[in-house]
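Participant: Can you keep this structure in mind? I'll have questions shortly.
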Amino acid sequence: MDRAPAGVNNGDMEGFSPSESAKPRQTPLTGWHVAHGARMVDFAGNMMPIQYSSILTEHHAVRKSAGMFDVSHMGRLLFRGNSALDWLDRLLTCRLRDMAEGQARYSLVCSEAGGVIDDVLVTRWADAWGLVVNASNHAAMLDWLGAHRPSGASLEDITQATAMMAVQGPDWREACPAFIGSIVDGLGNYRGRMLELGGLVWRVSRTGYTGEEGIEIVAPAQSATSLADSLLAAGVAPCGLGARDTLRLEAGMPLYGHELDSATDPFQAGLGRSVDMKKEFVGKKALISRMGDTTFPVRVGIQLEGRRAARQGDAVLDKSGKPIGKVTSGAFSPTLGHPVAMAYLDRRHARPGEDVSLSVRESMLEGTVCPLPFYKREQRG
């Protein structure tokens, strides 16, 4: 893939790995992507578009107007029954019992040792509790949920029966089809609503992974192509996973397999706001112990000089040349006009303004530790 101008390669993105299967899964939109000129890759066992025109063009479309992403590779699960809330409350770190119907929250799922098994989005729908999980962790999450399943609760995996699309950018509302616009009118961030069309259920929520306003739509699989066509006709730019990665990096959003993994706890990642330490959940005891251990590195942002981007695994050094951490994600920022990176650093060197060096492909790049996110959208109105 062409790594300029955004400086993204396949290894920078969530769940990418060489295919373990001769026949990766297709989403309901795979044929649509091919017909519209997308470059396709095997991404977490799914054929997904990496880009259409260029990562730079698609990135700017989302920041300046509106773009659409096929995110059908993400796992979509529904939980029902008298024990469904207890089931999720035991495994998710966020507070659930005060959630109103239609409310969504970001959460972590931890192991007994306190490391992150996955980061998820949980929604209290009118008919069920919903969970969106990472594609690369879909099978592992099903196993983990099954191992902790109580009586009186059921799980329905609707991933194959549905498509999931994200419409992101300042013009997202104007771009939506009329039937969607009517249900999101007045809908706040991290809120969702359901609608029924032709006897089939759609779920729409004000959520996303780009740092821009927008919505994510879970639609019946048979409706995916018509939805994409209507968005395209409204002028929404089709975008691939390359732009999604540079957008989320600018917004300081962690990516499982990069900023999050089973050896890293939520507090190291700066996600303590999504952990309710007043309730009981799997991993809480370990987190209490880890919170007092200052030897664990913490996630920071780094701004770099020049135009060369750092990559996952590149070493971060202090002024004396001593290694103090490693890069987890890096790219040239199309919005800011310079490279940015996220890294885990020794806490003593994690202060904003700290000068550091990065060892990048046998060269040394100069950088400065900075707060996250790198980019915040302008508020309209």
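Participant: Please find, within the range 201-249, the residue that is surrounded by the most Cβ atoms within 10 Å (Cβ to Cβ) out of those that are assigned to a loop (DSSP other than H, G, I, E, B) and hydrophobic (A, V, I, L, M, F, W, C). Reasoning before the result, please.
Facilitator: Keep residues of the range 201-249 that are assigned to a loop (DSSP other than H, G, I, E, B), which gives 206-213, 234-236, 240.
Next, only the ones that are hydrophobic (A, V, I, L, M, F, W, C) stay: 234, 236.
Working: A234: 15, V236: 25.
Selected residue: V236.
Conditions tested, residue by residue: (1) out of contact with any helix residue (DSSP H, G or I) (no Cβ under 8 Å at 6 or more places or on another chain); (2) modelled with pLDDT under 95; (3) aliphatic (A, V, I, L, M).
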position: T264; (1), (2), (3): yes, no, no
position: V300; (1), (2), (3): yes, no, yes
position: D314; (1), (2), (3): yes, no, no
position: P323; (1), (2), (3): yes, no, no
position: S333; (1), (2), (3): no, no, no
position: S363; (1), (2), (3): yes, yes, no
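Participant: Of everything in the range 164-199, what is acidic (D, E) and either buried (at least 16 other Cβ atoms within 10 Å of the Cβ) or not in a helix (DSSP H, G or I) (or both)? Give them in sequence order.
Facilitator: Within the range 164-199, D171, D185, E196 meet the criteria.
Participant: Also, quick follow-up: Against the conditions (1) charged (D, E, K, R); (2) more than 24 Å from M194 (Cα to Cα); (3) touching an Asp or Glu at 6+ places or on another chain (Cβ under 6 Å), where does R95 fall short? Just the number, please.
Facilitator: Just one mismatch for R95, condition (2).
Participant: Working only within the range 39-83, note down all residues that are buried (at least 19 other Cβ atoms within 10 Å of the Cβ), small (G, A, S), over 17 Å from V167 (Cβ atoms) and over 16 Å from the mean Cα position of the chain (by Cα).
Facilitator: Listed by number, the list holds a single entry, G45.
Participant: Would you mind finding the one in L232, L247 that is modelled with pLDDT of 95 or more and under 17 Å from the mean Cα position of the chain (by Cα)?
Facilitator: L247
The values are calculated or read from the model by the stated rules, or taken from the named source; none is laboratory data. Every value quoted in this text rests on a predicted model; they were computed, and no experiment measured them. Backbone-built Cβ (ideal geometry, glycine too); neighbour counts: all protein chains shown.
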